[in-house]
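Asks: Starting off with a structure, shown below.
Laboratory data are not the source of any read-out in this text; all were calculated from the coordinates shown. The structure displayed is predicted, hence computed values, not measured ones. Please note: Cβ atoms are built from the backbone with ideal geometry, for glycine as well, and neighbour counts cover all protein chains shown.
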Amino acid sequence: MSTSHLPKITYSPAYTIVPTYECFNRCAYCNFRTEPGKSQWITISEAEQLLTQLYNQDICEILILSGEVHPHSPQRQAWFQRIYDLCELALAMGFLPHTNAGPLSFEEMQQLKKVNVSMGLMLEQLTPELLKTVHKHAPSKIPEVRLQQLHWAGELKIPFTTGLLLGIGETEEDWWETLEAIAEIHQRYHHIQEVILQPHSPGHQQTFNAPPFNPHQLPKVISQARQILPPDITIQIPPNLVKDDEWLLACLEAGARDLGGIGPKDEVNPDYPHLHEQELREILQPATWELVPRLPVYKQFDDWLSVDLQMAVKRWR
């Protein structure tokens, strides 16, 4: 069978730049954050050095992933400007930026649309119950605040990625309710590219004392998600969090079709190294899946982008 006829599994060749690890939220399962004032923000010249080293490595997506500065902090404007400048730099150097920096104001999203080909924010779970437990000290995890982002992204025509975090104290009914909310918003704006189903995977820094989400449950969740979500939304799973090759393949059989950004380090789950592209090919090929790189913006959204961004995307297409 020629590879052109094999079903395709996509991934984005990506590199993550973190403007700051400082975050005013304290989510109990977080292995990413540092206390505000305790770590240096990345400078533009440091970022330029990093990006220069990526030339000729076939890396396309620059994920700008940041800890959050409080919306009313005197540092908010400087933080936002740093994110904007990093996106602008990545674009100028020939890469395609995708920002995920927590909830933003409508105006901030409007600004970042100029320098991002797509953006993202995990819904995690819509149940307010988690505000009493893992999100007790995380004001930006209020479900309505996060849902608002999905609406604004739709209004602004921003190609968007969202997702669920599984195994943080929610119920099975909560999964379906969160997926139904995503489906409903997408049917209104048609802007959601991917939904990530991310299993909770304990790390060295977190205070949340719970086992990892059982990967054997993932195919069932994916299968049900595929029933709930419109067919033009791709389901993404992080392969480094599904340790068993057999279960990774079972997730694909159940309807997952994307493996997300694959780069040197998973900043959100630093205890779980990314699988290299070649390792993934070796897992997928015997099962007759073809691994194909993609851009951080899906082709059907190209005409939502500004002329400058369309030109940048065209060079990669």
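Asks: Using modelled amide H (1.01 Å from N, peptide plane; none on Pro or chain starts), what sits under 5 Å from the amide H of GLY163, excluding residues fewer than 5 places away?
Replies: Under 5 Å from the amide H of GLY163: LEU123, GLU124, ILE196.
Asks: If you split all Cα-Cα distances of the range 161-317 into 10 Å bins from zero, what percentages do you get per bin, shortest first?
Replies: 10, 35, 36, 17, 2
Asks: Quick check: pseudo-label points 7 Å beyond the Cα along Cα→Cβ at SER73 and SER223, how many nm apart are they?
Replies: Between SER73 and SER223, the label points sit 4.4 nm apart.
Asks: Right, something else. Can you compute the FRET efficiency between GLN278 and HIS216 using 1/(1 + (r/R0)^6), with r the Cβ-Cβ distance and R0 = 30 Å? Round to the nearest 0.05.
Replies: 0.70
Asks: Only Cα pairs within less than 10 Å get springs; with that Gaussian network setup on the chain, which residue of LYS38, LYS136, LYS114 has the largest fluctuation?
Replies: The residue with the greatest mean-square fluctuation here is LYS38.
Asks: In sequence order, what are the phi-derived ³J(HN,Hα) couplings for the range 192-204 according to the Karplus relation 6.51 cos²θ - 1.76 cosθ + 1.60 with θ = phi - 60°, rounded to whole Hz, with x for glycine and proline?
Replies: Once rounded to whole Hz, the list reads 8, 7, 9, 10, 8, 10, 10, x, 4, 10, x, x, 6.
Asks: Right, next: Treat each spin label as a single point 7 Å out from the Cα along the C-beta direction, and report the GLN148 to GLN285 distance in nm.
Replies: If labels sit at GLN148 and GLN285, their model points lie 5.0 nm apart.
Asks: Restricting attention to the chain, give the cysteines that have no other cysteine Cβ less than 4.7 angstrom from their Cβ.
Replies: Here CYS23, CYS60, CYS87, CYS251 come out as lacking a disulfide-compatible partner, given the Cβ-Cβ threshold of under 4.7 Å.
Asks: Next question, about the same structure. Send over the semi-axes of the range 193-238's equivalent ellipsoid, whole angstrom and largest first, taken as the square roots of 5 times the C-alpha gyration tensor eigenvalues.
Replies: Equivalent-ellipsoid dimensions as semi-axes: 25, 12, 7 Å.
Asks: On to the next question. So if each residue of separation counts as 0.36 nm, and I subtract the Cα-Cα distance between GLN53 and LEU131, what length gain in nm does that give?
Replies: Gain in length upon complete extension: 23.9 nm.
Asks: Can you put MET119, MET311, MET109 in order, fewest other beta carbons within 10 Å first?
Replies: Lowest count first: MET311, MET109, MET119.
Asks: Take the cross-link list LYS114/LYS314; LYS113/LYS314; LYS8/LYS220; LYS132/LYS243; LYS220/LYS243 and give me the ones stretching past 23 Å between alpha-carbons.
Replies: From LYS114/LYS314; LYS113/LYS314; LYS8/LYS220; LYS132/LYS243; LYS220/LYS243, over 23 Å: LYS132/LYS243.
Asks: With label points built 7 Å along Cα→Cβ from the Cα atoms of SER39 and ASP85, find their separation and express it in nm.
Replies: Computed distance between label sites SER39 and ASP85 equals 1.9 nm.
Asks: Sort largest first and round to whole Å: the equivalent ellipsoid semi-axes of the range 1-154, each the square root of five times a Cα gyration tensor eigenvalue.
Replies: Calculated on Cα positions only, the semi-axes equal 28, 22, 15 Å.
Asks: Alpha carbons only, please: Rg and Dmax for the range 74-171, in angstrom.
Replies: When restricted to Cα atoms, the range 74-171 yields Rg and Dmax of 14.7, 45 Å.
Asks: Hey, another quick one. Please find the FRET efficiency linking GLU155 to LYS8, where r is the Cβ-Cβ separation and R0 is fixed at 41 Å, and quote it to the nearest 0.05.
Replies: That pair, GLU155 with LYS8, gives E of 0.85.
Asks: Order these by the 10 Å Cβ neighbour count, fewest first: THR99, THR43.
Replies: Exposure proxy ranking, most exposed first: THR43, THR99.
Asks: Find, to one decimal place in angstroms, the Kirkwood hydrodynamic radius of the range 146-205, where the mean of 1/r is taken over every pair of different Cα atoms and then inverted.
Replies: 12.5 Å
Asks: Using R₀ = 25 Å, calculate the FRET efficiency as 1/(1 + (r/R₀)^6) where r is the Cβ-Cβ separation of TRP176 and ASP302; round to 0.05.
Replies: Taking R0 as 25 Å, the efficiency between TRP176 and ASP302 is 0.20.
Asks: Please compute one quarter of the surface area of the Cα convex hull for the chain and express it in square nanometres.
Replies: Reported value for the Cα convex hull: 15.4 nm².
Asks: Amide H to amide H, which residues 5 or more places from SER118 or on other chains are under 5 Å from it, using H placed in the peptide plane?
Replies: THR99
Asks: Okay, moving on. With a 10 Å Cβ neighbour count serving as the proxy for reagent exposure, in which order, fewest first, do GLU277, GLU35 appear?
Replies: GLU35, GLU277
Asks: For the range 3-316, what proportion of DSSP beta bridges, expressed in % and rounded to the nearest 5, is antiparallel?
Replies: Roughly 5 percent of the beta bridges in the range 3-316 run antiparallel, per DSSP.
Asks: Translational diffusion coefficient of the range 112-219 at 20 °C, 1.002 mPa s, Stokes-Einstein with Kirkwood Rh over Cα pairs, in µm²/s as a whole number.
Replies: The estimated diffusion coefficient comes to 145 µm²/s.
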